[in-house]
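No lab work stands behind these numbers, since they all come straight from the coordinates. These numbers come from a predicted model, not from an experiment. Cβ sites come from the backbone with ideal geometry, for glycine too, and all protein chains shown count toward neighbours.
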Amino acid sequence: MQLGIIGLPQSGKTTIFNALTRSTAKVGDYSAGTAVHIGTVSVPDPRLDALTRMYNPRKKVPAQVTYVDVGGMAKGVSTSGGLGAEFLTQLHKVDAIILVLRGFDSAAGPAEPAGDYRDIFTELVLSDMAMIEKRIERVKTDLRKVKRPELEKELHVLEKCQQQLEAERPVRTMGLHSDESKLLRSFQLLTEKPLMLVLNHAESADCKPRAAELEKLTGGEPFALCGPIEMDIAQMADDEAKSFLEELKIDEPALNRMIRESYRLLGRICFFTVGEDECRAWTISDGTKAQQAAGTIHSDLERGFIRAETVHYDHLMAAGSFAKAREQGHVRLEGKEYLVRDGDVINVKFNV
Ligand SMILES: Nc1nc2c(ncn2[C@@H]2O[C@H](COP(=O)(O)OP(=O)(O)OP(=O)(O)O)[C@@H](O)[C@H]2O)c(=O)[nH]1
Ligand SMILES: [Mg+2]
């Protein structure tokens, strides 16, 4: 699962990437603008921490997400004739997009996050439009030769997308049915990908007015943070970071929230397996059935699936132990069709 970090040059992408992934890629370096940085991080989850305290396992394995600092978005992107090919190749591959907007004044000029958002959004729309138009032409040519119902259906969906994009709206908000989205899957449309806005503001400034303006424009609240502070915290030793946060009266770094938020953005949930050996969070899509979920652990568990002994995290914690939860009737034996819920603690019973 990959999230691509994009934004105008010198908006703070690499700073935020470093903070998220505790990396030390060079910041403030235009020449490095084309370099792609990739880093994988554990998703902080207090539930997994609590389970680990309960089971005291040898190993704790959190869920993971990968961030890609895509770089390479051309300078003056809206006027320079579109997004670069290399940039697009990278971006089409990611599952969701994090758009960093400069909220601090710099040599490039005063902060104008709303204007920057409009420019970048327009580029994403244009890129999708070009793809859709090309495909429409192709499908029409084929349809002139043979009338195939599946092509007619595809044409209908493509034309709906085209209208949406012409109205400068993202494909994401069209409410497409899953069979319609399936037809579009191979295009990996940029405006169909989940999007998170990050307002990278200056240390001292009040970011609320700008955040409100962005929210009005996009319908979603941006995630506000100050990149350099987060990068500093990420690079401190744990106890140093802790006292720094205490001094500022902050519970946790904004980045922890941002990592959790980006995990949610991907539409993923997690279930847990517990034991003396390891406590582990497993990532699945919302709507995954128990048997399939067992397959993420091991294909043998999917093949030989009998039942999923399941207790929800909240019930397990309230009871204090698995045995107590069972006494209280919260441990269920679920069949293969059971839809796994976020926070289920599961023990798969299977035949070898
Ligand atoms: N004042 C202030 N400066 C910042 C902030 N975030 C980043 N910077 C500075 O802005 C410059 C660019 O930061 P980078 O993280 O390299 O930006 P980038 O978007 O990766 O830049 P390119 O890869 O060249 O497009 C650096 O000098 C950072 O220290 C911020 O929130 N406030
Ligand atoms: Mg950079």
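Oblate is the label for the range 147-282, because a/c, from the alpha-carbon gyration tensor with a ≥ b ≥ c as root eigenvalues, is 1.5 or above and a/b does not exceed b/c. Kindly provide the GluC sites (Glu not before Pro) of the range 255-352 that DSSP labels as loop, not H, G, I, E or B, and whose Cβ sees at most 12 other Cβ atoms within 10 Å. The qualifying sites are Glu276, Glu337.
For Gln64 and Lys145, what does the FRET efficiency come to when R0 = 45 Å and r is the distance between their Cβ atoms, rounded to the nearest 0.05?
The value I calculate is 0.40.
In this rough spin-label picture, where each label sits 7 Å from Cα along the Cβ direction, the Gln292-Arg185 distance is 1.1 nm. For Ile306, the residues whose modelled amide H falls within less than 5 Å of its own, excluding neighbours fewer than 5 places apart on the same chain, are Lys349, Phe350, Asn351. Annotation: the residues Met1, Met174, Met231, sorted from fewest to most other C-beta atoms within 10 Å of their own C-beta, follow the order Met1, Met174, Met231.
Among the listed pairs Lys160/Lys182; Lys289/Lys349; Lys26/Lys93; Lys93/Lys193, those with a Cα-Cα distance over 19 Å are Lys26/Lys93.
Based on Cα contacts under 8 Å between residues 6+ apart, the chain shows a relative contact order of 19 percent. Subtracting the Cα-Cα distance of Glu137 and Asn347 from 0.36 nm times their residue separation leaves 70.4 nm of extension gain. Once backbone amide H atoms are built at 1.01 Å from N, Ile98 has Gly4, Ile5, Ile6, Met196 as its partners under 5 Å, excluding neighbours fewer than 5 places away on the same chain. What is the local net charge at Met1, summed over the other residues whose Cβ is closer than 11 Å to its Cβ (Lys, Arg +1; Asp, Glu -1)? Here the charged neighbours net out to 0. For the range 257-352, averaging the sequence separation of C-alpha pairs within contact (under 8 Å, six or more residues apart) and dividing by the residue count gives a relative contact order of 36 percent.
Sites listed here are trypsin sites (Lys or Arg not before Pro) in the range 200-282 whose DSSP assignment is loop and whose Cβ has at most 11 other Cβ atoms within 10 Å: Lys249. Counting only aspartates and glutamates at least 8 places from Lys60 when in the same chain, those with an alpha carbon closer than 14 Å to its own are Asp45, Asp49, Glu276, Asp277, Glu278. Ranking Ile306, Tyr338, Val348 by how far each Cα lies toward the positive end of the dipole of the range 287-350 (charges on Cβ) leaves Ile306 at the top.
Cα gyration tensor of the range 258-352, axes a ≥ b ≥ c as square roots of the eigenvalues: rounded (a/c below 1.5), prolate (a/b > b/c) or oblate?
oblate
If R0 equals 41 Å, the separation of the Cβ atoms of Asp119 and Arg53 corresponds to a calculated FRET efficiency of about 0.30.
In order along the range 125-136, the Karplus-derived 3J(HN,Hα) couplings, from 6.51 cos²θ - 1.76 cosθ + 1.60 at θ = phi - 60°, round to 4, 4, 5, 5, 4, 4, 5, 5, 4, 4, 5, 4 Hz, and Gly and Pro are given as x.
Cα gyration tensor of the chain, axes a ≥ b ≥ c as square roots of the eigenvalues: rounded (a/c below 1.5), prolate (a/b > b/c) or oblate? Note, shape of the chain comes out oblate.
Using only side-chain charges placed at the Cβ, +1 for Lys and Arg and -1 for Asp and Glu, the dipole size of the chain relative to its Cα centre rounds to 1300 debye. Applying a DSSP loop filter and a limit of 16 other Cβ atoms within 10 Å to the trypsin sites (Lys or Arg not before Pro) in the range 85-152 leaves Lys147.
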